[in-house]
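Q: My structure is below; once you've seen it, I'll send some questions.
No lab work stands behind these numbers, since they all come straight from the coordinates. Remember, it's a predicted structure, so these values are computed and weren't measured experimentally. Cβ atoms come from the backbone with ideal geometry, glycine included; neighbour counts cover every protein chain shown.
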Amino acid sequence: MAALRADIARLKDEIAHSGADQKAKLEAEKASLHDRLHDELARAKQSSDAQKGRAEARVHAMEEKASARRGAAKASAETDIAKIKARVKKRSGGRGS
């Protein structure tokens, strides 16, 4: 994604310093790069959402098991659950559950 953003910035600079005949070609290339960047961002978000969903399902299953446990086993399970929730929250930029 960083490479695409750098290419877009480079093209913007070229467009600013190019003649009219070259501008249309560069604008089309820039639009293509924007589309590729948008596609990559969408795929990354989809992957992140799927990963978050799997983690939430795992937490739910662990919470179900922890509720049936007693003493140290329950405390250990609750600690594991808290760690997973913290990782999910960190990966989602603080927007996790």
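Q: Summing +1 for each Lys or Arg and -1 for each Asp or Glu, what net charge is found among the other residues whose Cβ lies under 15 Å from the Cβ of ALA77?
A: Values: positive: ARG58, LYS65, ARG69, ARG70, LYS74, LYS83, LYS85; negative: GLU63, GLU64, GLU78, ASP80.
Taking every other residue near ALA77 into account, the sum is +3.
Q: Under the definition of Cα pairs under 8 Å and six or more residues apart, what whole-number percent is the relative contact order of the chain?
A: Working: 48 pairs, mean separation 18.9, N = 97.
Dividing the mean separation by the residue count of the chain yields 19 percent.
Q: Before rounding to the nearest 500, sum -39500 (n - 2.57) across all DSSP H runs of length at least 4 in the chain and divide by the residue total; then give [θ] at 222 nm in deg cm²/dmol.
A: On the way: 3 runs with 85 residues, N = 97.
Rounded to the nearest 500, the figure is -31500 deg cm²/dmol.
Q: How big is the shadow of the Cα convex hull of the stretch 2-91, averaged over all directions, in nm²?
A: 6.9
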